[in-house]
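Peer 1: Pasting in a structure now, in C-alpha coordinates, and then I'll have a few things to ask.
The values are calculated or read from the model by the stated rules, or taken from the named source; none is laboratory data. What you are looking at is a predicted structure, and each value in this text was computed from that prediction instead of being measured. Positions of Cβ are backbone-derived with ideal geometry, glycine not excepted, and every protein chain shown enters the neighbour counts.
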Amino acid sequence: MRPQSKADSEECRSMNSSNTEVRDSATLTEIMSQPEIWRQVLQELSFSPGFENIWARTNARSTWLFVGCGTSYYLAEAAAASRRLQTGHAACAVPASEIMLFPDSALLGTPGLQAVVISRSGETSEALRAAELLRKQHKVPTLGVTCGTRTPLEAGTDLCVALHTANDKSPVMTRSFTSMLMSLQLLAARSAGDAKFVDELEKVAARCASVIASWAQSVESFVAKRNFSAYAFLGQGPFYGIAREAALKLTEMSCSFGQPFHSLEFRHGPKAIVTPDTCLTFFLSEGGSEAEKKVLVDMKELGGTVVAICNRADSQVRSNSDLVFELGADVRELAMLAPFVVPIQLMGFHTGVKKGLAPDNPRNLSRVVLLD
Ligand code: F1P
(Lines give C-alpha, C1' and ligand atoms only; values in the text may rest on other atoms or scores of the structure.)
Protein backbone atom coordinates (compact mmCIF):
# COMPACT_ATOMS: atom_id res chain seq x y z
CA MET A 1 0.00 0.00 0.00
CA ARG A 2 1.41 3.43 -0.97
CA PRO A 3 2.74 5.27 2.16
CA GLN A 4 0.21 7.84 3.42
CA SER A 5 1.22 11.29 2.01
CA LYS A 6 0.53 14.48 4.04
CA ALA A 7 -2.47 15.17 1.71
CA ASP A 8 -3.88 11.68 2.30
CA SER A 9 -3.57 11.96 6.10
CA GLU A 10 -5.12 15.45 5.90
CA GLU A 11 -7.81 13.92 3.62
CA CYS A 12 -8.41 11.03 6.02
CA ARG A 13 -8.39 13.36 9.02
CA SER A 14 -10.95 15.71 7.42
CA MET A 15 -13.11 12.86 6.10
CA ASN A 16 -12.97 10.77 9.30
CA SER A 17 -13.34 13.54 11.85
CA SER A 18 -16.57 14.80 10.35
CA ASN A 19 -18.22 11.47 9.97
CA THR A 20 -20.90 12.01 12.61
CA GLU A 21 -21.65 15.49 11.36
CA VAL A 22 -21.77 14.05 7.85
CA ARG A 23 -23.73 10.89 8.53
CA ASP A 24 -26.40 12.49 10.75
CA SER A 25 -26.70 15.77 8.92
CA ALA A 26 -30.21 16.76 7.80
CA THR A 27 -28.69 18.90 5.04
CA LEU A 28 -26.71 16.01 3.50
CA THR A 29 -29.63 13.61 3.90
CA GLU A 30 -31.89 16.09 2.11
CA ILE A 31 -29.37 16.66 -0.70
CA MET A 32 -29.00 12.90 -1.27
CA SER A 33 -32.79 12.36 -1.12
CA GLN A 34 -33.48 14.58 -4.13
CA PRO A 35 -33.85 11.96 -6.92
CA GLU A 36 -36.48 10.09 -4.88
CA ILE A 37 -38.21 13.31 -3.79
CA TRP A 38 -38.34 14.53 -7.42
CA ARG A 39 -39.94 11.22 -8.45
CA GLN A 40 -42.58 11.60 -5.72
CA VAL A 41 -43.28 15.27 -6.50
CA LEU A 42 -43.63 14.57 -10.25
CA GLN A 43 -46.02 11.73 -9.42
CA GLU A 44 -48.08 13.93 -7.11
CA LEU A 45 -48.32 16.82 -9.58
CA SER A 46 -49.09 14.61 -12.57
CA PHE A 47 -52.23 13.32 -10.86
CA SER A 48 -53.19 16.44 -8.93
CA PRO A 49 -56.56 18.04 -9.87
CA GLY A 50 -55.38 21.09 -7.88
CA PHE A 51 -52.33 21.49 -10.15
CA GLU A 52 -54.50 21.05 -13.23
CA ASN A 53 -56.84 23.74 -11.89
CA ILE A 54 -53.88 26.08 -11.34
CA TRP A 55 -52.82 25.53 -14.95
CA ALA A 56 -56.36 26.17 -16.19
CA ARG A 57 -56.66 29.40 -14.21
CA THR A 58 -53.23 30.81 -15.12
CA ASN A 59 -52.64 29.53 -18.64
CA ALA A 60 -54.08 32.57 -20.39
CA ARG A 61 -51.81 35.00 -18.52
CA SER A 62 -49.25 36.22 -21.10
CA THR A 63 -46.49 37.77 -18.92
CA TRP A 64 -45.15 36.08 -15.80
CA LEU A 65 -43.35 37.82 -12.92
CA PHE A 66 -41.51 35.50 -10.52
CA VAL A 67 -40.75 36.86 -7.02
CA GLY A 68 -38.76 35.50 -4.06
CA CYS A 69 -35.98 36.07 -1.52
CA GLY A 70 -32.57 34.41 -1.21
CA THR A 71 -32.63 30.96 -2.75
CA SER A 72 -36.26 31.51 -3.70
CA TYR A 73 -35.21 34.58 -5.73
CA TYR A 74 -32.58 32.58 -7.64
CA LEU A 75 -35.27 29.95 -8.19
CA ALA A 76 -37.44 32.74 -9.59
CA GLU A 77 -34.61 33.66 -12.01
CA ALA A 78 -34.14 30.09 -13.23
CA ALA A 79 -37.93 29.56 -13.51
CA ALA A 80 -38.39 32.80 -15.49
CA ALA A 81 -35.57 31.94 -17.93
CA SER A 82 -36.93 28.42 -18.34
CA ARG A 83 -40.50 29.67 -18.94
CA ARG A 84 -39.31 32.13 -21.61
CA LEU A 85 -37.59 29.27 -23.46
CA GLN A 86 -40.44 26.80 -22.93
CA THR A 87 -43.35 29.08 -23.93
CA GLY A 88 -41.73 31.87 -25.95
CA HIS A 89 -43.69 34.31 -23.79
CA ALA A 90 -42.38 37.13 -21.54
CA ALA A 91 -41.24 36.18 -18.04
CA CYS A 92 -38.92 37.88 -15.56
CA ALA A 93 -37.82 37.72 -11.93
CA VAL A 94 -37.37 40.28 -9.16
CA PRO A 95 -36.54 40.02 -5.43
CA ALA A 96 -39.61 40.58 -3.21
CA SER A 97 -37.88 43.66 -1.77
CA GLU A 98 -38.09 45.37 -5.19
CA ILE A 99 -41.89 44.98 -5.20
CA MET A 100 -41.89 46.66 -1.78
CA LEU A 101 -39.34 49.42 -2.46
CA PHE A 102 -39.39 50.04 -6.27
CA PRO A 103 -42.71 48.66 -7.52
CA ASP A 104 -42.63 50.85 -10.64
CA SER A 105 -39.45 49.08 -11.75
CA ALA A 106 -41.42 45.81 -12.00
CA LEU A 107 -43.88 47.02 -14.66
CA LEU A 108 -46.86 45.89 -12.59
CA GLY A 109 -49.26 47.58 -14.99
CA THR A 110 -48.36 45.16 -17.80
CA PRO A 111 -51.61 43.67 -19.25
CA GLY A 112 -52.01 39.93 -18.71
CA LEU A 113 -49.46 39.89 -15.88
CA GLN A 114 -49.35 36.79 -13.61
CA ALA A 115 -47.30 36.99 -10.41
CA VAL A 116 -45.66 33.92 -8.83
CA VAL A 117 -44.47 34.40 -5.24
CA ILE A 118 -42.03 31.66 -4.17
CA SER A 119 -41.24 30.96 -0.52
CA ARG A 120 -40.19 27.58 0.90
CA SER A 121 -41.47 28.50 4.38
CA GLY A 122 -44.40 30.55 3.12
CA GLU A 123 -43.63 32.89 6.03
CA THR A 124 -40.84 35.23 4.84
CA SER A 125 -41.99 38.78 5.61
CA GLU A 126 -40.82 40.31 2.31
CA ALA A 127 -42.53 37.57 0.26
CA LEU A 128 -45.81 38.01 2.16
CA ARG A 129 -45.63 41.79 1.81
CA ALA A 130 -44.94 41.52 -1.92
CA ALA A 131 -47.87 39.12 -2.37
CA GLU A 132 -50.18 41.52 -0.53
CA LEU A 133 -49.05 44.55 -2.59
CA LEU A 134 -49.36 42.64 -5.86
CA ARG A 135 -52.82 41.32 -5.03
CA LYS A 136 -54.45 44.21 -3.19
CA GLN A 137 -52.72 47.36 -4.44
CA HIS A 138 -51.73 46.36 -7.98
CA LYS A 139 -54.60 43.87 -8.67
CA VAL A 140 -52.18 41.32 -10.15
CA PRO A 141 -53.32 37.66 -9.89
CA THR A 142 -50.97 35.83 -7.54
CA LEU A 143 -49.79 32.20 -7.48
CA GLY A 144 -47.88 31.09 -4.38
CA VAL A 145 -45.30 28.29 -4.45
CA THR A 146 -44.21 26.85 -1.12
CA CYS A 147 -43.25 23.68 0.74
CA GLY A 148 -44.96 24.74 3.96
CA THR A 149 -48.35 23.58 5.25
CA ARG A 150 -51.28 26.02 5.66
CA THR A 151 -48.89 28.96 5.42
CA PRO A 152 -49.60 32.72 5.42
CA LEU A 153 -48.43 32.71 1.77
CA GLU A 154 -51.16 30.19 0.87
CA ALA A 155 -53.71 32.39 2.66
CA GLY A 156 -52.36 35.51 0.96
CA THR A 157 -52.37 34.38 -2.68
CA ASP A 158 -55.16 33.53 -5.14
CA LEU A 159 -53.75 30.09 -5.90
CA CYS A 160 -50.94 28.05 -4.33
CA VAL A 161 -48.73 25.06 -5.16
CA ALA A 162 -47.67 23.43 -1.87
CA LEU A 163 -44.98 20.74 -2.14
CA HIS A 164 -44.96 19.36 1.41
CA THR A 165 -42.96 16.27 0.36
CA ALA A 166 -40.03 18.46 -0.72
CA ASN A 167 -39.72 20.52 2.45
CA ASP A 168 -36.27 20.71 4.07
CA LYS A 169 -35.64 20.61 7.81
CA SER A 170 -32.26 22.22 7.23
CA PRO A 171 -32.16 26.04 7.16
CA VAL A 172 -30.35 25.56 3.84
CA MET A 173 -32.73 25.09 0.90
CA THR A 174 -31.77 22.11 -1.27
CA ARG A 175 -34.54 19.70 -2.34
CA SER A 176 -37.13 22.45 -1.87
CA PHE A 177 -35.24 24.56 -4.46
CA THR A 178 -34.94 21.81 -7.06
CA SER A 179 -38.49 20.47 -6.54
CA MET A 180 -40.21 23.88 -6.67
CA LEU A 181 -38.20 24.67 -9.83
CA MET A 182 -39.37 21.43 -11.45
CA SER A 183 -43.01 22.19 -10.54
CA LEU A 184 -42.81 25.59 -12.27
CA GLN A 185 -41.15 24.02 -15.32
CA LEU A 186 -44.01 21.49 -15.43
CA LEU A 187 -46.56 24.32 -15.40
CA ALA A 188 -44.73 26.03 -18.28
CA ALA A 189 -44.51 22.74 -20.20
CA ARG A 190 -48.28 22.32 -19.76
CA SER A 191 -48.80 25.83 -21.19
CA ALA A 192 -46.49 25.01 -24.10
CA GLY A 193 -48.39 21.78 -24.78
CA ASP A 194 -45.12 19.88 -24.19
CA ALA A 195 -46.34 16.53 -22.85
CA LYS A 196 -42.86 14.96 -23.11
CA PHE A 197 -41.27 17.24 -20.50
CA VAL A 198 -42.59 15.34 -17.46
CA ASP A 199 -41.08 12.12 -18.88
CA GLU A 200 -37.75 13.91 -19.25
CA LEU A 201 -37.85 15.08 -15.62
CA GLU A 202 -38.62 11.50 -14.56
CA LYS A 203 -35.62 10.33 -16.62
CA VAL A 204 -33.46 12.96 -14.90
CA ALA A 205 -34.62 11.76 -11.47
CA ALA A 206 -33.75 8.15 -12.36
CA ARG A 207 -30.41 9.12 -13.88
CA CYS A 208 -29.47 11.29 -10.90
CA ALA A 209 -30.37 8.44 -8.55
CA SER A 210 -27.71 6.32 -10.28
CA VAL A 211 -24.93 8.94 -10.16
CA ILE A 212 -25.50 10.93 -6.95
CA ALA A 213 -23.51 8.59 -4.67
CA SER A 214 -20.43 8.76 -6.91
CA TRP A 215 -20.88 12.53 -7.21
CA ALA A 216 -20.88 12.76 -3.40
CA GLN A 217 -17.68 10.71 -3.13
CA SER A 218 -15.89 12.75 -5.81
CA VAL A 219 -16.87 16.00 -4.11
CA GLU A 220 -15.81 14.80 -0.65
CA SER A 221 -12.35 13.72 -1.82
CA PHE A 222 -11.90 16.80 -4.03
CA VAL A 223 -12.73 19.11 -1.11
CA ALA A 224 -10.50 17.12 1.25
CA LYS A 225 -7.48 17.60 -1.06
CA ARG A 226 -7.99 21.26 -2.08
CA ASN A 227 -8.26 24.67 -0.47
CA PHE A 228 -9.56 27.62 -2.47
CA SER A 229 -9.38 31.35 -1.84
CA ALA A 230 -12.22 32.15 -4.27
CA TYR A 231 -15.06 30.44 -6.10
CA ALA A 232 -16.74 31.49 -9.34
CA PHE A 233 -19.84 29.88 -10.86
CA LEU A 234 -20.42 30.33 -14.56
CA GLY A 235 -23.55 29.68 -16.55
CA GLN A 236 -25.42 31.11 -19.55
CA GLY A 237 -29.14 31.36 -20.28
CA PRO A 238 -31.24 29.38 -17.78
CA PHE A 239 -28.05 28.07 -16.18
CA TYR A 240 -27.19 31.57 -14.89
CA GLY A 241 -29.92 31.27 -12.23
CA ILE A 242 -28.37 27.92 -11.26
CA ALA A 243 -24.94 29.60 -11.01
CA ARG A 244 -26.48 32.22 -8.70
CA GLU A 245 -27.97 29.55 -6.46
CA ALA A 246 -24.69 27.57 -6.48
CA ALA A 247 -22.76 30.62 -5.25
CA LEU A 248 -25.29 31.10 -2.44
CA LYS A 249 -25.12 27.43 -1.40
CA LEU A 250 -21.34 27.56 -1.08
CA THR A 251 -21.54 30.84 0.87
CA GLU A 252 -24.35 29.69 3.20
CA MET A 253 -22.81 26.31 4.08
CA SER A 254 -19.07 27.11 4.11
CA CYS A 255 -18.84 30.89 4.68
CA SER A 256 -16.62 31.04 1.60
CA PHE A 257 -16.88 33.80 -1.00
CA GLY A 258 -18.51 32.64 -4.23
CA GLN A 259 -19.66 34.76 -7.17
CA PRO A 260 -21.88 33.92 -10.16
CA PHE A 261 -21.17 35.14 -13.68
CA HIS A 262 -22.45 34.64 -17.20
CA SER A 263 -19.66 32.42 -18.54
CA LEU A 264 -18.51 34.69 -21.38
CA GLU A 265 -18.73 37.73 -19.10
CA PHE A 266 -15.95 36.22 -16.97
CA ARG A 267 -13.37 37.27 -19.56
CA HIS A 268 -14.43 40.90 -19.24
CA GLY A 269 -12.53 41.61 -16.02
CA PRO A 270 -13.34 38.92 -13.40
CA LYS A 271 -10.69 36.60 -14.86
CA ALA A 272 -8.19 38.84 -13.06
CA ILE A 273 -8.76 36.67 -9.95
CA VAL A 274 -7.74 33.40 -11.62
CA THR A 275 -4.98 31.43 -9.86
CA PRO A 276 -4.73 27.71 -8.98
CA ASP A 277 -6.56 28.66 -5.73
CA THR A 278 -9.58 29.84 -7.73
CA CYS A 279 -12.26 27.18 -8.16
CA LEU A 280 -14.18 27.86 -11.40
CA THR A 281 -17.37 25.83 -11.87
CA PHE A 282 -18.86 25.74 -15.36
CA PHE A 283 -22.53 24.79 -15.86
CA LEU A 284 -22.17 23.79 -19.50
CA SER A 285 -25.32 24.22 -21.56
CA GLU A 286 -25.89 22.37 -24.82
CA GLY A 287 -27.04 25.49 -26.64
CA GLY A 288 -23.95 27.55 -25.82
CA SER A 289 -21.41 24.88 -25.19
CA GLU A 290 -18.79 25.69 -27.90
CA ALA A 291 -18.41 29.28 -26.70
CA GLU A 292 -18.61 28.24 -23.03
CA LYS A 293 -15.97 25.54 -23.52
CA LYS A 294 -13.62 28.13 -25.01
CA VAL A 295 -13.88 30.11 -21.75
CA LEU A 296 -13.21 26.92 -19.80
CA VAL A 297 -10.04 26.25 -21.83
CA ASP A 298 -8.90 29.88 -21.47
CA MET A 299 -9.31 29.77 -17.68
CA LYS A 300 -7.44 26.48 -17.49
CA GLU A 301 -4.61 28.07 -19.45
CA LEU A 302 -4.57 30.87 -16.85
CA GLY A 303 -3.99 28.19 -14.20
CA GLY A 304 -7.47 28.09 -12.65
CA THR A 305 -8.91 24.94 -11.05
CA VAL A 306 -11.86 23.89 -13.23
CA VAL A 307 -15.00 21.96 -12.27
CA ALA A 308 -17.29 21.07 -15.20
CA ILE A 309 -20.95 20.11 -14.79
CA CYS A 310 -22.51 18.89 -18.03
CA ASN A 311 -24.68 16.24 -19.64
CA ARG A 312 -21.85 14.51 -21.50
CA ALA A 313 -18.21 15.68 -21.42
CA ASP A 314 -16.10 15.56 -24.59
CA SER A 315 -12.31 15.15 -24.61
CA GLN A 316 -11.77 18.94 -24.57
CA VAL A 317 -13.78 19.31 -21.36
CA ARG A 318 -12.13 16.25 -19.79
CA SER A 319 -8.57 17.33 -20.57
CA ASN A 320 -9.13 20.87 -19.29
CA SER A 321 -11.07 20.09 -16.10
CA ASP A 322 -9.91 19.00 -12.65
CA LEU A 323 -13.31 17.51 -11.82
CA VAL A 324 -16.17 16.54 -14.16
CA PHE A 325 -19.80 15.76 -13.31
CA GLU A 326 -21.85 14.19 -16.10
CA LEU A 327 -25.58 13.54 -15.91
CA GLY A 328 -25.66 11.48 -19.12
CA ALA A 329 -29.43 11.69 -19.69
CA ASP A 330 -31.24 11.69 -23.05
CA VAL A 331 -33.23 14.82 -22.27
CA ARG A 332 -33.36 18.44 -23.44
CA GLU A 333 -31.13 20.85 -21.52
CA LEU A 334 -33.95 22.58 -19.61
CA ALA A 335 -34.60 19.31 -17.76
CA MET A 336 -31.02 19.45 -16.45
CA LEU A 337 -31.35 22.71 -14.49
CA ALA A 338 -32.27 21.08 -11.16
CA PRO A 339 -29.72 18.21 -11.12
CA PHE A 340 -26.85 20.53 -12.16
CA VAL A 341 -26.96 22.32 -8.78
CA VAL A 342 -26.54 19.09 -6.77
CA PRO A 343 -22.71 18.81 -7.03
CA ILE A 344 -22.36 22.34 -5.62
CA GLN A 345 -24.85 21.67 -2.83
CA LEU A 346 -22.47 18.82 -1.93
CA MET A 347 -19.38 21.04 -2.33
CA GLY A 348 -20.86 23.67 -0.01
CA PHE A 349 -21.66 21.01 2.54
CA HIS A 350 -18.26 19.26 2.57
CA THR A 351 -16.31 22.53 2.41
CA GLY A 352 -18.28 23.71 5.46
CA VAL A 353 -17.59 20.49 7.36
CA LYS A 354 -13.89 20.66 6.44
CA LYS A 355 -13.76 24.21 7.84
CA GLY A 356 -15.26 22.94 11.10
CA LEU A 357 -18.64 24.55 10.40
CA ALA A 358 -22.03 22.90 10.86
CA PRO A 359 -24.11 23.20 7.66
CA ASP A 360 -27.21 22.17 9.61
CA ASN A 361 -26.74 25.34 11.63
CA PRO A 362 -25.22 27.87 9.22
CA ARG A 363 -23.51 30.90 10.76
CA ASN A 364 -25.72 33.99 11.12
CA LEU A 365 -28.63 32.33 9.28
CA SER A 366 -32.18 31.52 10.32
CA ARG A 367 -34.54 29.27 8.41
CA VAL A 368 -36.97 32.17 7.87
CA VAL A 369 -36.23 35.92 7.70
CA LEU A 370 -38.96 37.70 9.67
CA LEU A 371 -39.02 41.50 9.68
CA ASP A 372 -40.96 43.80 12.02
C1 F1P B 1 -35.88 32.38 1.82
C2 F1P B 1 -34.49 32.36 2.51
C3 F1P B 1 -33.72 31.13 2.18
C4 F1P B 1 -32.38 31.10 2.94
C5 F1P B 1 -32.62 31.17 4.41
C6 F1P B 1 -33.49 32.36 4.73
O7 F1P B 1 -36.74 31.57 2.47
O8 F1P B 1 -33.80 33.46 2.09
O9 F1P B 1 -33.44 31.13 0.82
O10 F1P B 1 -31.74 29.87 2.66
O11 F1P B 1 -33.28 30.00 4.81
O12 F1P B 1 -34.67 32.40 3.95
P13 F1P B 1 -38.20 31.24 1.90
O14 F1P B 1 -38.93 32.53 1.71
O15 F1P B 1 -38.02 30.54 0.62
O16 F1P B 1 -38.79 30.42 2.99
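Peer 1: What are the residues in the range 277-296 that are among the aliphatic types (A, V, I, L, M) and out of contact with any Cys (no Cβ under 7 Å at 6 or more places or on another chain), if any?
Peer 2: Applying the first criterion (among the aliphatic types (A, V, I, L, M)) to the range 277-296 yields 280, 284, 291, 295-296.
Listed by number, the residues that qualify are L280, A291, V295, L296.
Peer 1: Given the conditions (1) under 29 Å from K169 (Cα atoms); (2) in contact with an Asp or Glu (Cβ under 7 Å, 6 or more places away or on another chain), and given that K354 satisfies all but one, which numbered condition is not satisfied?
Peer 2: In the conditions (1) under 29 Å from K169 (Cα atoms); (2) in contact with an Asp or Glu (Cβ under 7 Å, 6 or more places away or on another chain), K354 misses (2) alone.
Peer 1: Out of all the residues in the range 101-158, which are more than 11 Å from the ligand (Cβ to nearest atom) and polar (S, T, N, Q)?
Peer 2: S105, T110, Q114, Q137, T142, T149, T157
Peer 1: For the subset of the range 220-241 comprising residues that are part of a loop (DSSP other than H, G, I, E, B) and among the polar types (S, T, N, Q), which member is surrounded by the most Cβ atoms within 10 Å (Cβ to Cβ)?
Peer 2: Initial filter on the range 220-241 (part of a loop (DSSP other than H, G, I, E, B)): 226-229, 236-238.
Keeping just the survivors that are among the polar types (S, T, N, Q) gives 227, 229, 236.
Working: N227: 12, S229: 12, Q236: 23.
Looking at the filtered set, the residue picked out is Q236.
Peer 1: Please find, among A91, A76, the residue that is under 20 Å from the mean Cα position of the chain (by Cα) and within 16 Å of the ligand (Cβ to nearest atom). Give the steps one after another, and end with the answer.
Peer 2: Working: A91 fails: within 16 Å of the ligand (Cβ to nearest atom).
Only one candidate passes the filter, namely A76.
Peer 1: Further question on the same structure: Being among the basic types (K, R) and part of a helix (DSSP H, G or I) is the filter; apply it to the range 187-219 and report the residue that is nearest to the ligand (Cβ to nearest atom).
Peer 2: R190
Peer 1: Under the condition of being of a type in the set (A, V, I, L, M) and surrounded by 16 or more Cβ atoms within 10 Å (Cβ to Cβ), which residue from the range 267-281 is nearest to the ligand (Cβ to nearest atom)?
Peer 2: Residues of the range 267-281 that are of a type in the set (A, V, I, L, M), as a first pass: 272-274, 280.
This time we only want the ones that are surrounded by 16 or more Cβ atoms within 10 Å (Cβ to Cβ), so: 273-274, 280.
Numbers: I273: 26, V274: 29, L280: 24 Å.
Top of the filtered list is L280.
Yes/no matrix, rows are residues, columns are (1) closer than 27 Å to L108 by Cα; (2) surrounded by 13 or more Cβ atoms within 10 Å (Cβ to Cβ); (3) small (G, A, S); (4) over 25 Å from the mean Cα position of the chain (by Cα):
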position	(1), (2), (3), (4)
E21	no, yes, no, no
E30	no, yes, no, no
I37	no, yes, no, no
L45	no, yes, no, no
I54	yes, yes, no, no
A60	yes, no, yes, yes
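Peer 1: Report whether or not E326 is modelled with pLDDT of 95 or more and either within 16 Å of the ligand (Cβ to nearest atom) or crowded, with 19+ Cβ neighbours inside 10 Å (or both). Lay out the reasoning, then the answer.
Peer 2: On the way: modelled with pLDDT of 95 or more: yes; either within 16 Å of the ligand (Cβ to nearest atom) or crowded, with 19+ Cβ neighbours inside 10 Å (or both): no.
Criteria not met by E326.
Peer 1: For the range 131-169, give me each residue that is small (G, A, S) and more than 19 Å from P111 (Cα to Cα).
Peer 2: Pass one, the range 131-169, residues small (G, A, S): 131, 144, 148, 155-156, 162, 166.
Result: G144, G148, A155, G156, A162, A166.
Peer 1: Being crowded, with 22+ Cβ neighbours inside 10 Å, farther than 19 Å from T58 by Cα and not small (G, A, S) is the filter here, so list the residues in the range 114-150 that pass it.
Peer 2: R120, T124, E126, L128, C147
Peer 1: What are the pairs, 6+ residues apart or on separate chains, where a residue within the range 288-303 that is within 13 Å of Q316 (Cβ to Cβ) and touching a residue at least 40 places away in the same chain (Cβ under 8 Å) has its Cβ under 7 Å from a residue that is charged (D, E, K, R) and exposed (fewer than 15 other Cβ atoms within 10 Å of the Cβ)?
Peer 2: Matching pairs, first to second residue: V295/R267.
Condition check ((1) away from the ligand (no atom under 16 Å from the Cβ); (2) over 20 Å from Q185 (Cβ atoms)) across all residues:
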{"residue": "L234", "(1), (2)": "yes, yes"}
{"residue": "G237", "(1), (2)": "yes, no"}
{"residue": "G241", "(1), (2)": "no, no"}
{"residue": "C255", "(1), (2)": "no, yes"}
{"residue": "E265", "(1), (2)": "yes, yes"}
{"residue": "F283", "(1), (2)": "yes, no"}
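Peer 1: So which of A338, A308, A291 is hydrophobic (A, V, I, L, M, F, W, C) and farther than 30 Å from T29 by Cα?
Peer 2: On the way: A338 fails: farther than 30 Å from T29 by Cα; A308 fails: farther than 30 Å from T29 by Cα.
After applying the criteria, what remains is A291.
Peer 1: Here's something else I'd like to know. Take the residues in the range 329-372 that are within 29 Å of A188 (Cβ to Cβ), more than 16 Å from the ligand (Cβ to nearest atom) and of a type outside the set (A, V, I, L, M); name whichever of them is surrounded by the fewest Cβ atoms within 10 Å (Cβ to Cβ).
Peer 2: Of everything passing the filter in the range 329-372, D330 is surrounded by the fewest Cβ atoms within 10 Å (Cβ to Cβ).
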